[in-house]
Every structure is written in structure tokens, then in C-alpha cells.
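Report on one structure; see the data block that follows.
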Amino acid sequence: MTWKLGSFMTLLMLVIGGGSSHASTSSSREVAQKLFNRLTGTPLRPSDPRLAEMVRWIDQGDLQKAAAIATDDDQFYNVRIRNFAQPLSDREENPTSGLNDFVATVIGTVRDEIDARQLLTGDYLYVGPSGAVDGRRIPVPSEVNNNHFDVLDAQFINLAKELKKVTPQSSTIPESAGLLTTRAWGEAHYTAGTNRRAVEFTFKVFMCRTMDQMQDLSVTDEWVRRDVDRAPGGSALTFQSKCVGCHGGMDGLGGAFSRFDFKQGAIQYYSGGRVAQKYNQNADVYPFGHITIDDSWVNYWTKNQNEKLGWRGPLSGKGIKAFGEMISRSRGFSQCMVRRSFREVCKRDPHSSDEEAIHEITEQFEKENYNLKRLFQEVAISPSCLGE
Amino acid sequence: MIKSFVVVLLVFLLEGSAVASIQKRDSVSIRNFRELYLTFSLLTGVSPNHPETSDYFSRAKSRLSLDGDVRKINAPMTLATTSLASVFCHAFIESEARSMADQRRIHEEVNFSQGMSAISRATRAQVIQRYAQAFWGRSASSVEEGVVLNLMEQIEANDQGEGELVPRVFEASCTSMLSSLDSLKI
């Protein structure tokens, strides 16, 4: 190309400037286009008949119906929900990482309007077509690699149309807990280490809480495992004044993941009363610490600042599914889903002035059976998000 | 080049800074990498599976906006965005040039096999207006139209006989308009 890149840059500046002369006035048409853009990530052409339909609903004061037209568009799933789910599915929280079973399952759950609590308890997965599809070869889904999803991604398969629900989730794992037992989650959080990362990321991803926010020095160290030094640097005070705040809560809950490991590309499940070896490694660091013998767990993060997470139902149990139930039943889970969808649709974090709206939308989300599709509509049409 | 830059800068100042106004309105952002790719595909009608666009996207997506935050716009991101637009425009113009004139989306009046001199200013302006409708959903202002016409003339004047000039001129015009803020903002 002989034309210069510099011309592009200057022209781009001009066009940016030129664009400003068309600054918006708040018309129904602009609201419709804004709603569509926000919910699908793509523009709605002026000639598209859906624009007139959305404008009609807006003029009648029914913004929800206008938003529903946008959420019926395939790009709501392929773009907006994909953007929402992708960073949650890996350790680096990378929005550009590839499609996987975690992301596909979120997209399918939203599309089929399945109760969002099932994301942490359900025994199902969403997969794409396999075999020869439109002249392309797509591998069958596998529990030992991500090839199926890699090819779906590379071929820009329309996930909104092509994803199908399969159940049971796995042929090798007898205990399913929605996203917590997907291969992608396993690869991200059960690989090596001690599985404490799985607890940390459960709170980060589904409760929007970091360990710094969760830590509570008032909790007991009863469940802290043997691999944690009780006197780091020779000071028992350090453990009591720092370490226990995280480890007390995290190790109390860690039993939920004790049957899980990730080796040779797949989740490894320890059945028959066994737990992953990593749970009892480095036992000589503090031999009197907690010995993990099964998948029981207890939640000590229920008081002080963690009281407002709104725990409902049993705070102790056995296994990953019961753990997923406890998390998904909490008010913290609902609020986190609302905050995440707000960030995704409104393109900013909620301000303190938005808290009332967040509260109301959370109430509505729970009343409407944790329907994520409806949640995205509610968020998009809220005055906090839509603006003037 | 410097002269054009000064002219553009003056126009830019006269028109007012959209970026500044956007920064005041925190609810406005630009499309992230995934939104941008599918938007360009939608606006040009080039399939997201097109080998050239998908190959470029897989290599460049980490340089495009990851979260749509206008405060994070930087030079590499702008270049990657413009380059992605140019790959889509190349595929789009190529497809238009291959089609019969009455089956084209935008370039019905353009004879791709003749030189630029055979394409009148009125035809050029008509193409620019059609790009504006297709990519921005509105007409181009007279200022915008003038600048793109000027760009066409610059490319024509600097032609060194590398390949066919007509498709290159329209690719450049298409790219500049497709990668503008009107297409990028959400």
C-alpha cells in the first residue's frame, strides 16, 4: 500500500472530531441503538426492522421489551455473555483466552434461561456440534483436552445457535457442581498447588470478593492444614495476626475440593473415601494441624464483614455440590452476578450512587428465579446504566 | 503531509474534541476486541470466517481494546484497530470488485478496471456517503466528505504504479471511515 499510515492517523483524528458534531439528543431511536449496542456489542443498522420495533416499545414506555429484542440477537450470547464469562474461566482472568467448557456452559445457561444457581450445582455441560459440520471437521468434546472448543472458537461457530446441553456432565466424575467441575475450572485451579486457589477463586469469581476482603482474624485455626507454619519467621504472633485470617476460612472450606486434582490434561477424581494427596503434603511443617480425611467443610467466614454476604442455609457440609449450593444460595452470589453484569453492560463499575439500583436489581434477579438473561435486560434499562 | 496534518488539526479543533467529551461521560466506551471484530464483519458483510481477517485477528487481538475503556486507548491499539479495518476493507473491496455492478452493496458506479481519472468527484462523494451510511448509520458531513476526497487525491497523486490503484484508493477510504470513532464507540 502506497498511501501513508500517517494519513490514516490524521484522518482518524478528523473523523473523531467530525463525529462529535453529531452528539446525541436523547431520542427513542438513540436509546434503542444504545440498548442494542450495550447488549450485543454490535450496532443496529438504521434499516434493520428491529430498530423500529424497539423504538415502538420505548415510546410505549416498555424498555424491557425493547431490551428483549436485543437479547434475542445471537451476538448477545456470542459477544456480551462470552465477554462476561471468559475472564472468569481462567487463572489469569484473560478476556482473550480461548473458548472452553466453562464459557460454553455459561452461554448455554443464559440462553436457555436456566436458574443461575445451577451454575454452581448443576450436572450438565454445553458443547457444540462435532464431526463434519459445513465441510469442517470438529472433534468430539473430550475430558482430556480442549480441542473441541478450540475448533469451535477458531471457526467462529455461532454459539448462540449451536450449543447443546449434555447431561450428565462427566462420565468419570460422579459428583458434579456446575462450573466448579468443568475441565477449564479444573485446569485453572486444581492443577498442582493445594487447591486453596479453588476456594480463593470461588469467592473472587462468584462472590466478587478477594481474600483481602474475606480475611477475618477472629476465625478459628481448627481446620488449618499441616502445611501451614504456625510461627512463620519464628513468630507465632504473625500467624495469629495475619495468616489465620485467610487460612482459617480457606482451609475450613477447602475440604469441598479435596477429591479433585488436575493431571495429564484432565480432572482426576478421588473416589472411595480418598482425598487428593496434595491435601496432606508437607505434614511435618506443623504436624498438629488439620488432617484431611474426607470432603467435609465448614464455613467460618460468616461474621463481621462477611455477615453481609447474606448466607442462607447450611454453613457446613460434605462435597463440592453442597459447597456450590451454599455459595449460590447466598445474597453475595446474587449481588456479584448483578455487579458483573452491570460492569459488562454499562461498561463501568457501579458508583456509590448506583447502590440503590444494584439492590433493587438484585431483589428482582432473585424473584425472577436467577434468570441471567432477564438480569442483563434489567441492568441495561436501569437509569443508572442508560443515563440521561 | 505536514500541510494536511495542520488542516486536519484545525478542523479537529473547530469541531471540538470528541475524546474529551467522551471522557466526561464515563458511560461511553469503545468496542473491545471481540465486539470490534464482529462489528467490522457485520458492517462490511465480510464473514468472520474469512481467512485473512481471522488470521489477522488471532494475531492482533491482544493489542486491541480488551475492556473498551477509552482511557486506555494508545498508539498500538489505534494502529491495530486501523489495520484490522484495512484487512476487512481489503476483503470487502475485493468482493465488490468481483461482483457485477448491480450486485454490489456500495460501489455500483465504480469501474474497478479503469483508472481513478475515470471516476468522477461526484461518484467518489457518493461512495463516501454510502460508506458513512453503512458504517456510521448517518451521512458524512461536508467536512468529513472533503477530507476523504482529499485522501483519495493524495493516494492518486502519490501512486507509484504498484498494483491496481482504484481498489487501493477505496480500501484506504473504507479503512479510514470504518476505523473511526463513530464505528468504534459503544
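The values are calculated or read from the model by the stated rules, or taken from the named source; none is laboratory data. Predicted model only: the values in this text are computed from it and were never measured. Methodologically, a virtual Cβ is constructed for each residue, glycine included, from the backbone with ideal geometry; neighbour enumeration extends over all protein chains shown. Side chains included, ligands, DNA and RNA excluded: accessible areas come from the protein's heavy atoms. Shrake-Rupley method; radii C 1.70, N 1.55, O 1.52, S 1.80 Å.
Using only alpha carbon pairs under 8 Å that are at least six residues apart, calculate the relative contact order of chain A and give it in whole percent.
Details: 632 pairs, mean separation 62.9, N = 388.
Reported as a whole number, the value is 16 percent.
Provide the per residue accessible area, probe 1.4 Å, for the protein assembly as shown, rounded to a whole number of square angstrom.
Working: 23690 Å² over 574 residues.
With all protein chains present, the protein assembly as shown gives 41 Å² per residue.
Once the Cα atoms of helix A:355-367 and of chain A are each reduced to a long axis, what angle between those two axes, in degrees from 0 to 90 to the nearest 10, is obtained? With both axes taken from Cα atoms, the answer is about 80 degrees.
Leaving ligands, DNA and RNA out of it, rank A:TRP311, A:TRP301 by accessible area with a 1.4 Å probe, largest first.
Values: A:TRP311 45, A:TRP301 0 Å².
Ranked list, largest accessible area first: A:TRP311, A:TRP301.
Given a cut-off of under 8 Å on Cα pairs at least six residues apart, what relative contact order in percent is computed for segment A:195-322? The partial results should precede the final answer.
Details: 197 pairs, mean separation 37.5, N = 128.
Over segment A:195-322, the number comes to 29 percent.
Rounded to the nearest whole Hz, the Karplus-based 3J(HN,Hα) values (6.51 cos²θ - 1.76 cosθ + 1.60, θ = phi - 60°) of segment A:106-118 follow the sequence 5, 4, x, 5, 5, 4, 8, 6, 7, 3, 4, 5, 5, with x at glycine and proline. Basic side chains Lys and Arg get +1 at the Cβ, acidic Asp and Glu get -1 at the Cβ, and with that the dipole of the protein assembly as shown about its Cα centre reaches some 500 debye.
Other residues lying with their Cβ under 12 Å from the Cβ of A:ASP261 contribute a combined charge of +3, Lys and Arg counting +1, Asp and Glu -1. In this view, the solvent-accessible surface of A:LYS34, computed with a 1.4 Å probe and all protein chains in place, comes to about 50 Å².
Taking A:LEU39, A:LEU51, A:LEU179 as the candidate residues, the one with maximal mean-square fluctuation in a Gaussian network model of chain A, Cα springs under 10 Å, is A:LEU51.
Which pairs, out of A:LYS367/B:LYS61; A:LYS165/A:LYS263; A:LYS263/A:LYS318, put more than 28 Å between their alpha-carbon atoms?
Details: A:LYS367/B:LYS61 39 Å; A:LYS165/A:LYS263 26 Å; A:LYS263/A:LYS318 23 Å.
Pairs exceeding 28 Å: A:LYS367/B:LYS61.
Given the -39500 (n - 2.57) contribution per DSSP H run of 4+ residues, what per-residue ellipticity at 222 nm results for chain A, rounded to the nearest 500 deg cm²/dmol? Intermediate results must be reported in sequence, preceding the final value.
Values: 17 runs with 162 residues, N = 388.
The helix contribution divided over chain A gives -12000 deg cm²/dmol.
How large a share of the accessible area of the protein assembly as shown, in percent, is made up of carbon and sulfur atoms when the probe is 1.4 Å and the other protein chains stay in place? Before the final figure, lay out each step's value.
Numbers: 12250 of 23690 Å².
C and S atoms contribute 52 percent here.
Each residue was assigned an accessible area with a 1.4 Å probe, and for A:CYS246 the value is about 30 Å².
At 1.4 Å probe size, put A:LEU159, B:LEU66 in order of accessible surface, largest to smallest. Working shown, then result.
Numbers: A:LEU159 10, B:LEU66 70 Å².
From most accessible down to least: B:LEU66, A:LEU159.
Positive contributions from Lys and Arg (+1) and negative ones from Asp and Glu (-1), summed over other residues with Cβ under 11 Å from the Cβ of B:ALA134, come out at +4.
The Cys residues in the protein assembly as shown with no partner Cys Cβ within less than 4.7 Å of their Cβ are A:CYS243, A:CYS246. Taking all protein chains as they are arranged and a probe of 1.4 Å, the heavy atoms of A:HIS189 leave approximately 0 Å² accessible to solvent.
Ranking A:THR220, A:THR121 by solvent-accessible area of protein heavy atoms (1.4 Å probe, all protein chains present), from largest to smallest, gives A:THR220, A:THR121.
Write out the GluC sites (Glu not before Pro) in segment A:77-134 meeting two conditions: DSSP loop, and at most 13 other Cβ atoms within 10 Å of their Cβ.
Details: sites: A:GLU92, A:GLU93, A:GLU113; in loops: A:GLU92, A:GLU93, A:GLU113.
Listed in order of number, the matching sites are A:GLU92.
One Cα centroid belongs to segment A:116-143, the other to segment A:244-320; the line between them spans 29 Å.
Here the contact order of segment A:260-381, divided by its residue count and restricted to Cα pairs under 8 Å and six or more residues apart, works out to 15 percent. The equivalent ellipsoid of the protein assembly as shown has semi-axes of 51, 25, 23 Å, largest first, where each one is the square root of 5 times an eigenvalue of the Cα gyration tensor.
What are the semi-axes of the equivalent ellipsoid of segment B:97-186, taken as the square roots of 5 times the eigenvalues of the Cα gyration tensor, listed largest first and rounded to whole Å? Intermediate values should be presented prior to the final figure.
Values: eigenvalues 88, 49, 29 Å².
Value: 21, 16, 12 Å, ordered largest first.
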